[in-house]
Amino acid sequence: MDTPTFGNRFATDLPEMAVPWQGADFPDPTMLVLDEQLATELGFAPDWLRGPEGVRLLVGAEWPTGATPVAQAYAGHQFGGYSPRLGDGRALLIGELTVAGGGLRDLHLKGSGRTPFARAGDGLAAVGPMLREYVVSRAMHALGIPTTRSLAVVSTGRKVRREENLPGAVLARVAASHLRVGSFQYARATGDAGLLKRLADHAIDRHHPQARDAERPYLALFEAVVAVQAGLIAQWMHAGFIHGVMNTDNMTISGETIDYGPCAFLDVFDPATVYSSIDSGGRYAYGNQPPVAHWNLARLAESLLPLFDDDQDKAIALATDALGGFGAHYDTAWIAGMRAKLGLTNAVPDEDVRSLGEDLLVHLRDNRLDYTSTFRDLDAAISDAAWLARWHALDPDRSAAQRRNPIYIPRNHLVEEALTAATGGDLEPLRELISAIDAPFDERPGLERYAEPAPDGFGACYQTFCGT
Ligand code: AMP
Ligand code: MG
């Protein structure tokens, strides 16, 4: 079969931010996991992708004529410190595919070898972290949360040197785009006003076309990013998701979750939870995610400032006002999500939903309750009779709530178990975990262990490592 036709819109619109490059040559690329439904959506025959040509495409060793693989340049604040030149150190954008409805999707490889942005890195990725991104992004998609998706993980046959030698892999990632807050920081820092404007136009076309017709299109672009990110973070909070490394280069313009490194789902509910071993200060703790998103968006506003107005004071006033919208967008999304999780109808006033939700979360924290399973059956899990009476008085629809409260999430102990087995060559636990998380709201016999909270003591010492 032929591959679908790749576009190179990013490379042609923004050549200053696109370095033509190619993947490393790997000795023995072998398919580990493939999302067949996603493959089909993109126009690939899954059997072709599993074959020798498909697998070579998925590690970046070969690409279809017409495609121009590039490493993308971007900057970013990492844990608050600014790096003017990050970029794809171990990744390649193969190109864009057009999906039904006309939208574009980036096909991007991670772990495909060193690029001019690699600095001290080896350009490679290990099987475990790439499968972690595969599983968690697939779970997020099944939960209905905007996310980049994982098409495949292919093992390379080459060892990767970390604390020990590990089997290497390449992840094929699919995204509405890979434009990040850090992309705008990079363009702004070049001092090239034309580049910044071209980047903003490209972002408007791809993600927020309604902004084109606004009185101030670039301000409308910023407002749209504020809105989608506020909605996204509210969804993370309701799912108990901790991203773990919310640097500005890991925050999209599209509103999709990106870059699954040291991410994890909460077990016991505690806003102070940090799983990432590199986040010693707790900057990206669960409860800090909304203010961190706001901080990142302020960096985006600074980057866009010259496009808002020629008068800098006026531009700052407009930016400040638009950034101020984050709180209201977040609140609206949070209340809508909590209303659904509690099975309450629209007749219940927002303020009642808010106070009921907030009081419930205090109860969860004080009693160290498991976040996911508690929401699945509040009547059984909550010991506070007064809270239950308030909830019952609002006539909750428990079956509606169950369609919004997952029973199966990629719990940390299950993910670790599956990744350890897969790194050793046994993919069966991973396949079972995927079948559970693919239908997160549908309780099925035989999957009981996927619904159970972490074993005692697991959460206390659990740590995730950055996606090295
Ligand atoms: P991340 O923390 O995955 O978002 O990556 C931050 C930056 O480090 C990006 O510029 C990556 O391309 C780069 N990077 C991470 N790991 C490697 C690696 N093994 N080799 C080269 N660059 C890397
Ligand atoms: Mg990143």
>> Looking at the stretch 8-16, can you tell me whether even one residue there is touching a Gly at 6+ places or on another chain (Cβ under 9 Å) and in a strand (DSSP E or B)?
In response: no
> Checking residue 196 against (1) open to solvent by less than 10 Å² (accessible area, probe 1.4 Å); (2) within 16 Å of ligand 1 (Cβ to nearest atom); (3) more than 24 Å from the chain's Cα centre (by Cα), which test does it fail?
Replying inline: (2)
> So, in the stretch 233-265, of the ones that are within 11 Å of ligand 2 (Cβ to nearest atom) and in contact with a His (Cβ under 7 Å, 6 or more places away or on another chain), which residue ends up farthest from residue 180 (Cα to Cα)?
Replying inline: 247
> If you scan the stretch 204-234, which residues turn out to be in contact with a strand residue (DSSP E or B) (Cβ under 8 Å, 6 or more places away or on another chain) and either within 16 Å of ligand 1 (Cβ to nearest atom) or open to solvent by 10 Å² or more (accessible area, probe 1.4 Å) (or both)?
Replying inline: 206
> Quick one: in the stretch 240-263, which of the residues that are closer than 21 Å to residue 338 by Cα and within 13 Å of the chain's Cα centre (by Cα) is most open to solvent (accessible area, probe 1.4 Å)?
Replying inline: 256
> When the stretch 104-114 is examined, which residues are found to be open to solvent by 10 Å² or more (accessible area, probe 1.4 Å) and either away from ligand 2 (no atom under 13 Å from the Cβ) or β-branched (Val, Ile, Thr) (or both)?
Replying inline: 104, 105, 114
>> Need pairs with beta-carbon distance below 6 Å; first residue under 30 Å from residue 48 (Cα atoms) and within the stretch 58-82, second β-branched (Val, Ile, Thr) and near ligand 1 (Cβ under 10 Å from one of its atoms); sequence gap 6+ or separate chains.
In response: 71/115
> If you go through the stretch 235-254 one residue at a time, how many are more than 27 Å from residue 85 (Cβ to Cβ) and within 16 Å of ligand 1 (Cβ to nearest atom)?
Replying inline: 1
> Within the stretch 88-116, which residues are within 16 Å of ligand 1 (Cβ to nearest atom) and either out of contact with any strand residue (DSSP E or B) (no Cβ under 6 Å at 6 or more places or on another chain) or over 22 Å from residue 184 (Cα atoms) (or both)?
Replying inline: 89, 90, 111, 112, 113, 114
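The values are calculated or read from the model by the stated rules, or taken from the named source; none is laboratory data. Model, not experiment: these values are computed from the prediction. FYI the Cβ positions are ideal-geometry reconstructions off the backbone, even for glycines, and counts take in every protein chain you see. What goes into the accessible areas is simple: the full protein's heavy atoms, side chains included, and nothing from ligands, DNA or RNA. Shrake-Rupley method; radii C 1.70, N 1.55, O 1.52, S 1.80 Å.
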